[in-house]
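Heads up: the structure comes next, in structure tokens.
Please treat every number below as a calculation from the coordinates, not as lab data. Values in this document were obtained by computation on a predicted structure and should not be read as measured data. Neighbour counts run over all protein chains shown; Cβ positions are idealised from the backbone, glycine included.
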Amino acid sequence: MRDLMKRWELSAFSRDGLSLEQVPVPIVGADEVLVRVNAVALNYRDQDVIAGRMGAFNLPMTIGSDMSGTVVEVGKSVEKFAVGNRVLSTFFPDWKGGRPLGSGRHPNYQSLGGFYPGVLSEYATFPAAWLTKGPSSLDEREASTLPCAGLTAWYALVELGRVEKGQTVLIEGTGGVAIFGAQIAKAKGATVILVSGSGEKLERAKALGLADFVINRTREDWVERVYEITSDRGADHILEIVGGPHLAKALEAVAPGGRISMIGVLEGGQLSASVGPLLLKGPVIQGIAVGHHRAQENLVKAIDELRIKPIIDARYGLADLQKALDHLSRGAFGKIVVDFSL
């Protein structure tokens with residue numbers, strides 16, 4: 001009889017549909033590797049998958065997309081990895097580089113923890129081509145935060161945005177993507193403005209050196225404050241994580257010829273804004289859906305070179321997934337990680 005492992009399975013689209021099951025360790029195919037999962041970082045998207053808001057995926061399924069692990073077995077055709085290598089999952093396994101996959105009618109959303117099986121499992125098999133090497137400068141918990149939140153910020157600011165010293169980057173919120181964005185922008189020499197409705201989280205960000213300026217949007221007009229900070233120029237790059245009608249604020253705050261990276265939908269999936277600033281300022285509004293395999297390889301190298309340390313708000317054991325999801329619902333400062341060593 002094959003060895004057994006624990007794996008979270010979703011049998012119905014609700015939190016009550018989650019159960020921790022005991023199943024056989026998967027068998028490795030010729031082009032696959034067997035990975036011992038060491039840590040999994042959660043994303044707000046995982047909550048949407050559980051609630052059925054991301055599509056009618058086949059059930060039962062395993063959620064989670066962001067994994068750091070160790071290769072424990074390789075298939076006979078695998079040359080890229082060896083036993084003992086530290087590896088990371090990739091959010092969109094089929095997207096190797098260049099333009100996003102799919103068509104105008106059917107954009108690609110074939111991601112882990114959705115269309116493909118997820119990673120909240122003690123062991124998992126992957127085609128070797130789906131993985132990248134892990135960073136040498138991070139531990140397993142820190143490394144697990146890169147495949148979605150880290151890569152989204154990196155893809156927006158560096159791969160597409162080409163952020164550079166002297167520019168001003170405006171970031172909304174203090175969640176995983178926001179904190180990574182602040183760290184990356186600071187490492188590239190940009191001035192960072194962080195906007196949030198939580199004074200406590202803003203103070204924490206300032207104390208950690210994540211921002212040059214912080215703005216509490218509940219206490220002042222944050223667009224006017226951006227004008228003051230930038231001498232009316234506006235922000236060169238905005239990570240727009242709120243969505244909905246909030247895009248109008250980003251268009252007010254962006255500098256002429258600047259860039260808005262559209263990432264979040266916290267205030268709804270329907271965008272609205274005045275066309276005036278769009279026409280007169282001519283900014284690039286770039287939709288961001290995580291990033292591709294090559295960008296993740298670049299991120300891993302940069303993490304080691306720039307010595308960026310991800311911010312983890314809390315760690316939970318595998319059996320405590322429901323508590324971790326509760327914390328995620330309350331709002332995290334940085335990332336929530338499921339640590340398989342606990």
Note to self: Given the -39500 (n - 2.57) contribution per DSSP H run of 4+ residues, what per-residue ellipticity at 222 nm results for the chain, rounded to the nearest 500 deg cm²/dmol?
What the structure shows: -6500 deg cm²/dmol
Next item on the list: Apply the Karplus parameterisation 6.51 cos²θ - 1.76 cosθ + 1.60, with θ equal to phi minus 60°, to every residue of region 42-58 and state each ³J(HN,Hα) to the nearest whole Hz, in sequence, with x for glycine and proline.
Entry: 8, 10, 4, 4, 4, 5, 5, 4, 4, 7, x, 8, 9, x, 8, 6, 5
Margin query: Amide H of E73 versus every other amide H placed in the peptide plane: which residues, excluding those fewer than 5 positions away on the same chain, fall under 5 Å?
Written below: L34
Note to self: Nearest 10 degrees is fine. How inclined is helix 321-330 to the longest principal axis of the chain, computing both from alpha carbons?
What the structure shows: 10 degrees
Margin query: Just to check I understand the Karplus step: with θ = phi - 60° and J = 6.51 cos²θ - 1.76 cosθ + 1.60, what whole-Hz values come out for region 138-155, glycine and proline as x?
Written below: 10, 7, 4, 5, 4, 4, 5, 7, 7, x, 10, 5, x, 5, 4, 5, 5, 4
Margin query: Please list, in order along region 196-203, the HN-Hα scalar couplings obtained from phi with the Karplus expression 6.51 cos²θ - 1.76 cosθ + 1.60 (θ = phi - 60°), rounded to whole Hz, x for Gly and Pro.
Written below: 7, x, 10, x, 4, 5, 5, 5
Margin query: Pairs of alpha-carbon atoms within less than 8 angstrom and 6+ residues apart define the contacts here; what relative contact order does the chain have, in percent?
Written below: 18 percent
Note to self: With a cut-off of 8 Å between alpha carbons and a minimum separation of six or more residues, what is the relative contact order of region 150-287 in percent?
What the structure shows: 20 percent
Check: Taking square-rooted eigenvalues a ≥ b ≥ c of the alpha carbon gyration tensor, is region 147-240 rounded, prolate or oblate, where a/c under 1.5 means rounded and, failing that, a/b exceeding b/c means prolate?
Finding: oblate
Check: If you take the square roots of the eigenvalues of the alpha-carbon gyration tensor of region 22-154 and sort them as a ≥ b ≥ c, do you get rounded (a/c under 1.5), prolate (a/b over b/c) or oblate?
Finding: rounded
Check: The list (i) 136; (ii) 146; (iii) 156 gives values of volume of the Cα convex hull per residue in Å³, and only one came from this structure; which label was calculated from it?
Finding: (i)
Item checked: Selected from K80, K96, K188 as most flexible by GNM, with the chain as the system and alpha-carbon contacts under 10 Å -> K80
Note to self: Suppose the Debye formula is applied to equal point scatterers at every Cα of region 197-342; what is log10 I(q)/I(0) at q = 0.09, 0.19, 0.20 Å⁻¹?
What the structure shows: -0.38, -1.39, -1.42
Note to self: Once each part is reduced to its C-alpha centroid, what is the distance from region 190-224 to region 293-330 in angstrom?
What the structure shows: 22 Å
Notebook entry, point to check: What is region 230-342's relative contact order, in percent, from Cα pairs under 8 angstrom and six or more apart in sequence?
Noted result: 19 percent
Note to self: Rounding to the nearest 10 and keeping the result within 0 to 90°, find how far the Cα-based axis of helix 293-306 lies from the longest principal axis of the chain.
What the structure shows: 70 degrees
Item checked: Spacing of the two label points (7 Å from each Cα toward its C-beta) at E164 and R307, in nm -> 2.6 nm
Next item on the list: Show which lysines lie in cross-link reach of K6 when reach means a straight Cα distance below 29 angstrom and same-chain residues fewer than eight apart are skipped.
Entry: K76, K80, K133, K323, K335
Next item on the list: Name the long-range amide H neighbours of Q286: under 5 Å, sequence gap of 5 or more, or other chain; modelled H, no Pro or chain starts.
Entry: I260, S261, M262
Notebook entry, point to check: Using the 10 angstrom Cβ neighbour count as an exposure proxy, how do K165, K6 rank, fewest first?
Noted result: K165, K6
Next item on the list: Note the full-extension length gain between L280 and N58 as 0.36 nm times their separation in residues minus their Cα-Cα distance, in nm to one decimal.
Entry: 75.3 nm
Item checked: GluC sites (Glu not before Pro) restricted to region 215-258 and DSSP loop, no more than 12 other C-beta within 10 Å -> E220
Check: What are the residues whose amide H is under 5 Å from the amide H of E21, where those residues sit 5 or more places off or on another chain and H is modelled from the backbone?
Finding: R7, W8, E9
Next item on the list: With springs only between Cα atoms under 10 Å apart, run a GNM on the chain and tell me which of L239, L131, L160 wobbles the most.
Entry: L160
Notebook entry, point to check: Arranged by the count of other C-beta atoms within 10 angstrom, fewest first, what order do Y116, Y109 take?
Noted result: Y109, Y116
